[in-house]
1. For region 521-542, how many residues meet the condition of being within 16 Å of GLY454 (Cα to Cα), among the hydrophobic types (A, V, I, L, M, F, W, C) and either surrounded by fewer than 22 Cβ atoms within 10 Å (Cβ to Cβ) or touching a residue at least 40 places away in the same chain (Cβ under 8 Å) (or both)?
2. Kindly evaluate ARG38 against the criterion of being touching a residue at least 40 places away in the same chain (Cβ under 8 Å) and under 24 Å from THR248 (Cα atoms).
3. Mind checking which pairs have a first residue in region 379-398 that is in contact (Cβ under 8 Å) with a residue 24 or more places away in the chain and among the small types (Gly, Ala, Ser) and a second that is assigned to a strand (DSSP E or B) and open to solvent by 10 Å² or more (accessible area, probe 1.4 Å), Cβ under 8 Å, 6 or more apart or different chains?
4. Among the residues in region 41-48, are any within 22 Å of ALA166 (Cβ to Cβ) and in contact with a strand residue (DSSP E or B) (Cβ under 8 Å, 6 or more places away or on another chain)?
5. Looking at region 307-330, can you tell me whether even one residue there is open to solvent by 10 Å² or more (accessible area, probe 1.4 Å), outside any helix (DSSP H, G or I), of a type in the set (A, V, I, L, M, F, W, C) and touching a Leu at 6+ places or on another chain (Cβ under 6 Å)?
6. Pairs, please: C-beta under 7 Å, at least 6 apart or cross-chain, first residue on the phi < 0 side of the Ramachandran plot and among the polar types (S, T, N, Q) and in region 494-505, second surrounded by 15 or more Cβ atoms within 10 Å (Cβ to Cβ) and assigned to a helix (DSSP H, G or I)?
7. Look at region 494-520 and say how many of its residues are in contact with a Leu (Cβ under 7 Å, 6 or more places away or on another chain) and open to solvent by 50 Å² or more (accessible area, probe 1.4 Å).
8. Restricting the search to region 292-306, which residues are open to solvent by 40 Å² or more (accessible area, probe 1.4 Å) and within 28 Å of the chain's Cα centre (by Cα)?
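The values are calculated or read from the model by the stated rules, or taken from the named source; none is laboratory data. Note that this is a predicted model, so its numbers are computed, not measured. Positions of Cβ are backbone-derived with ideal geometry, glycine not excepted, and every protein chain shown enters the neighbour counts. Heavy atoms of the whole protein, side chains included, go into the accessibility calculation; ligands, DNA and RNA do not. Shrake-Rupley method; radii C 1.70, N 1.55, O 1.52, S 1.80 Å.
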Amino acid sequence: MAGGRGEVKELEILKKEGLSTLYPERVKISVGRATCGRAAGAEDVYTFLQDVVARRGLEWDVSTVGCLGFCQGEPLVTVQQPGWPRYVYSRVDRRLAEQIVEGVAAGKLPKRRLLGKIYSDDLLLTGEKVDLAPEGDHPLEKNPFYGPQVRIATRNCGYINPESIAEYVARGGYLALKKAVQMQPEEIIEEVVKSGLRGRGGAGFLTGKKWGFARAASGDVKYVICNADEGDPGAYMDRSILEGDPHTVLEGMAIGGYAIGAQTGIIYCRAEYPLAVATLKEAIRQAEKQGFLGDNIFGSGFSFRIRVVEGRGAFVCGEETALIASIEGRMGEPRPRPPFPAQKGLWGKPTNINNVETWANIPPIIMRGGDWFAGVGTATSSGTKVFALVGDIKNNGLVEVPMGTTLRQIVYDIGGGTGVFDLKAVQTGGPSGGCIPASLIDLPVDYDALTRAGAIMGSGGMVVMNERSCMVDVARFFIAFTQDESCGKCLPCREGTRQMLELLDKICKGEAEMSDLELLEELAYAVKDTALCGLGQTAPNPVLSTLKYFRDEYEAHIRERFCPAGVCRELFELTVDEEKCKSCGRCSEVCPQGAIVGEKDKPYRLDQDKCIRCRACLNTCRHKAIRVVPRRRYQPR
């Protein structure tokens, strides 16, 4: 092993350096500066803290970390000092930042917007534990958002500076690669097979089996690709990992390259993720400088290089063969399979493709073993899954939970529920996914259970919808997306989704007949059965799942020309329920037309001639005193 680049002694040097910045003998304030944090004002907070510390002549560190997951509370700031627990604050602005600085100086940190305290760090890869302070009050793991989570793929996000390879190494980084190149490639594949890891990009194919196909394929040149073309609306799991912990993806890819016999890796990342692209490129530069990428890694004779290719945001390029075509400079269109990429992929060579989250799980599997990973989750869906939890829910953010966690735990325990409005459905799997009704709230979330329910795991988008959501309109939204993003190569997807969209438009406008509903369902099955690629085949899922669970809403739109949720503007009116009205006046305050008037202790009144059905009052009234009723000018069919 001696004599190669990326030597063991370099790991030791880097670990020492990383520990010195992770746990300095002075105050350290870290600001979450991933895209979600920046959107909420993290850059201003970061600059302000730097200025305050410099102006006061304080010898403190002001550092950068990725997303800690609680996007609802961005900007997130953590405060650490020797002998103290790490304080985690949410929604930090200049005023709170100033109070934090003053609190540190006075030895009494503020309690306002404190999410919790971290008393020790568990290093997942090495099993080590770093104690920060004796256990005390308000531990972060008791926070409902963080308590149920098990972080494997996102283990470093929010903890390390993504621009510091030393901090990554200090938490066990690149030890898995060092271990892997001392193993036989077949042993690595066997370990991944044993883990039961299924691809986190959507299809859920067994990763170890996939690697085995690429390993067995003949060819002097092979490739590994990281699919970072995350295109689902509302999904940002991969972006967050790339922005917060890029080295784990590089390390996973290098291990995969060694296992299948590839020397080149390509990360296909959408150009709409400029921070992720910049972070990746810097991480590659650092890994090459340290010898963890390049020639003769750890003296093993194994050489591996990675480069980044920026995609242009086409949803279809999330499909493997379309992605390969795009990298080759051709139109991003899928092709029929077989041959599969493992036999004939990039430039006609054997190629293995996994997405970001899949690669991020590889180092822990190599370090802790396949059996350890298989012990998390369910029998057929091992490990954890990262979800982007969004929609009508109290706590939006990125959550990582063991497979088999129920929807109820995710929506209510972690997400905090849907507020005053009842849960109606949860949509999983992105635009090709399905809508699961509230009646299935105790469904365990794993690949097989979701499929049986008519949905899919997808890459991890999870959209929560309350009773104010129209499921016909939801289906129309997702079909409009897939129709717009269809590459147009095959007729079923190109024309089928277009006709489905036209039918959904008719239904939402109250212009459809019951025969249109039958045609919609027939078309959905035709596209599902005949489209060329997986994206086309799953495009009808939102229609089929809403027809399965919410057919009464479709029929109400057609037979009664009524949208019960009050979304399709042509098909409802709003009125005030006098018995429920508390005369609080909030509806009147938010009405842009002045259509609602009233006086103290008397029910408010709504003027239909002024109302534009914007729903502001409907979404504001916490007493549910705004009712959705059929329009009087329409008569039921």
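1. Within region 521-542, residues that are within 16 Å of GLY454 (Cα to Cα), among the hydrophobic types (A, V, I, L, M, F, W, C) and either surrounded by fewer than 22 Cβ atoms within 10 Å (Cβ to Cβ) or touching a residue at least 40 places away in the same chain (Cβ under 8 Å) (or both) number 2.
2. yes
3. Here the result reads SER381/ARG198; SER382/ARG198; GLY383/GLY377; GLY383/PRO402; ALA388/LEU398; GLY391/VAL463; GLY391/MET465, each pair linking region 379-398 to a residue that is assigned to a strand (DSSP E or B) and open to solvent by 10 Å² or more (accessible area, probe 1.4 Å).
4. Residues of region 41-48 within 22 Å of ALA166 (Cβ to Cβ): 46.
Filter once more, so that each one left must be in contact with a strand residue (DSSP E or B) (Cβ under 8 Å, 6 or more places away or on another chain): 46.
Yes, because at least one residue in region 41-48 is within 22 Å of ALA166 (Cβ to Cβ) and in contact with a strand residue (DSSP E or B) (Cβ under 8 Å, 6 or more places away or on another chain).
5. yes
6. THR497/ILE479; THR497/THR482; THR497/GLN483; THR497/VAL527; GLN499/LEU523
7. Residues meeting the conditions: 2.
8. Matches in region 292-306: ARG305 only.
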